[in-house]
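Written below as structure tokens is the structure these notes are about.
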Amino acid sequence: MKRILGAIAVCVFLVSGNLIAQSIPLTPVIQRNICPFEFGCDFGKWITKSKLTIYNNEGDTARVAFVMRPNDAFIAHRANMHIERLGVVVVTKPVEGFQTSDTVYVLSYTGEGFYDIWYHGNISNVEAFWSDEPLPQFQGLLMVPPQMSWWVFVEYGNSKKGWIRLKNLSDSGVHFEEDIDMGKTNVKD
């Protein structure tokens with residue numbers, strides 16, 4: 001237990017030191033036309049299997065446009081990922097492109113265990129080399145998990161349009177509470 005606490009304390013110290021060394025993006029970071037699923041997204045006709053709240057504007061939950069009920073069919077046109085809190089990873093062992101004590105900021109999950117990350121002003125797509133526990137098989141420690149929401153622009157009926165906010169509930173990968181049938185892309189596990 002003392003070893004784990006010691007490792008966490010070292011990582012916190014390293015993170016605080018590296019915050020000065022690189023600028024980090026302001027949140028929310030919005031990544032356009034993102035699909036967070038391993039096997040892609042089929043935009044088009046979707047069917048809700050649970051109640052869905054549709055908002056007037058992307059990124060704004062203050063004004064509800066309308067509500068859909070289970071089994072309502074609608075058209076999904078596109079989606080953007082809003083990263084509300086950056087994930088923070090401290091590199092604990094050298095890994096390709098990073099040295100021990102580097103700080104990497106996790107943006108969004110892109111499928112198959114890969115994430116978009118921010119490192120010294122550049123966005124890269126890397127396979128996760130971190131864990132939320134100090135385990136010997138990983139080269140990094142997730143100090144702060146990212147928080148993200150997937151905003152999907154939808155059309156319902158002849159004239160209703162708006163945005164669904166699907167808040168990610170997982171610290172690794174994506175998992176949404178809402179249940180939507182997207183054909184081969186299924187939001188609910």
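Note on the range 61-162: percent of Cα-Cα distances in each 10 Å bin, starting at 0 and stopping at the bin with the largest distance, equals 14, 37, 20, 17, 11, 1. As a length-normalised measure over Cα pairs under 8 Å and 6 or more apart, the relative contact order of the chain settles at 26 percent. 3J(HN,Hα) couplings calculated from phi for the range 24-33 with the Karplus curve 6.51 cos²θ - 1.76 cosθ + 1.60 (θ = phi - 60°) are, in sequence order, 10, x, 6, 9, x, 8, 10, 9, 7, 6 Hz; Gly and Pro show x.
Mean projection of the Cα convex hull over all viewing directions, computed for the range 2-186: 11.5 nm².
Note on the chain: Lys pairs 8 or more places apart or on different chains, Cα atoms under 24 Å apart, count 20.
Relative to the dominant Cα principal axis of the chain, helix 2-21 is inclined by about 80°. For the chain, the dipole from Cβ point charges (+1 on Lys and Arg, -1 on Asp and Glu) about the Cα centre works out to 480 debye, to the nearest 20. Using the average count of surrounding beta-carbon atoms within 10 Å as a protection proxy, the listed peptides 154-161, 48-55 rank, highest first, as 48-55, 154-161.
Count Lys and Arg as plus one, Asp and Glu as minus one, and take only other residues whose Cβ is under 14 Å from that of Ser124; the net charge is then -4.
Laboratory data are not the source of any read-out in this text; all were calculated from the coordinates shown. The shown structure was predicted, so the numbers you read here are calculated from the model rather than taken from an experiment. All Cβ positions, glycine included, derive from the backbone under ideal geometry; neighbour counts span all protein chains shown.
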